[in-house]
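The block underneath contains the structure these notes are about, expressed in structure tokens.
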Ligand SMILES: Nc1ncnc2c1ncn2[C@@H]1O[C@H](COP(=O)(O)OP(=O)(O)OP(=O)(O)O)[C@@H](O)[C@H]1O
Ligand SMILES: [Mg+2]
């Protein structure tokens, strides 16, 4: 194993509870080296799932958080100036293609479209990556796979992926786990009892019904884990919920009241 590969290797099994057959589907997609898109609201387990799958498939994982200032060079690489002159430095996408990693581009819609197109030749039969500035064409390692994440609903028409990008991927839809599974996850990750986790999940269910009625999104699994973690640190339930569930979500007084009322019903 090369040094680089070791650096991106996931040694310890990440905790992941399967929700809807996604493990087997992803394994089949990986076997076919199909580029994949994982879609779903924030905090529902997309990143954790990819970490788990990389571990399970014994592939290194190179993750990149995308943003609108990102350029193609940030993904592909650039020449850097040092005391001995200029030296080429691979970007994370290039590294992943060379070592046969799973490359996870998080929130890829945030990147500008001219950045996104650099992934095109990697995601069709070519499986190649031109390093234009360096004058090199890389052929991706046989084990390389590209995965992107996508929060449907957040993007305006201006900021959506082009069809020519979307149609290069298979997609798996993620949503919040079913009640029993979510309770188990919240209890496991925060350390609270199943009873308390159940109450947190009930609050989340209420909030998810407010989606589209004043809330853009319901409470995520991640927030429930935060609330539980605060309780485990000795914070009383009402303060923990206020701090981790209600206050971050909204500044609208009516919405706060509605969420506070949901908290008050269970704690
Ligand atoms: N199915 C699951 N199994 C285990 N843990 C989970 C699961 N779903 C959610 N979690 C927990 O929820 C937390 C948030 O999940 P994660 O970071 O994967 O969300 P995400 O979908 O990538 O969100 P974002 O779009 O904001 O990046 C994780 O740290 C993990 O503790
Ligand atoms: Mg994520």
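Computed from the coordinates by the stated procedures, all read-outs in this text should not be read as laboratory data. Every value quoted in this text rests on a predicted model; they were computed, and no experiment measured them.
Once you have all Cα-Cα distances for the stretch 1-148, histogram them in 5 Å bins from zero and send the whole-percent values.
2, 9, 19, 22, 21, 14, 8, 3, 2, 1, 0
Report the relative contact order of the stretch 17-117, percent, no decimals, based on alpha-carbon pairs under 8 angstrom and at least 6 residues apart.
28 percent
May I ask you to derive the relative contact order of the chain, considering only C-alpha pairs under 8 Å and at least 6 residues apart, and to give it as an integer percent?
Dividing the mean separation by the residue count of the chain yields 19 percent.
Suppose a student asked you for the relative contact order of the stretch 130-203, using Cα pairs under 8 Å spaced at least 6 residues apart; what percent would you report?
Relative contact order comes out at 14 percent.
For the stretch 199-245, what Kirkwood radius comes out of the mean inverse Cα-Cα distance, in Å?
So the Kirkwood estimate lands at 10.7 Å.
Take the alpha-carbon positions of the stretch 91-171, form their convex hull, and give its projected area averaged over all directions (one quarter of the hull surface) in nm².
The directionally averaged projection comes out at 5.4 nm².
Quick check on the stretch 122-267: take the gyration tensor over C-alpha atoms, sort the square-rooted eigenvalues as a ≥ b ≥ c, and tell me if it's rounded (a/c under 1.5), prolate or oblate.
Taking the square roots of the gyration eigenvalues as a ≥ b ≥ c, the stretch 122-267 is prolate.
Expressed in whole Å with the largest first, what are the equivalent ellipsoid semi-axes of the chain derived from the C-alpha gyration tensor as the square root of 5 times each eigenvalue?
38, 20, 18
Rounded to the nearest 5, what is the percent of antiparallel bridges among the DSSP beta bridges in the chain?
35 percent
Between the stretch 155-225 and the stretch 89-103, what is the separation of their alpha carbon centroids in Å?
Between the Cα centres of the stretch 155-225 and the stretch 89-103 lies a distance of 30 Å.
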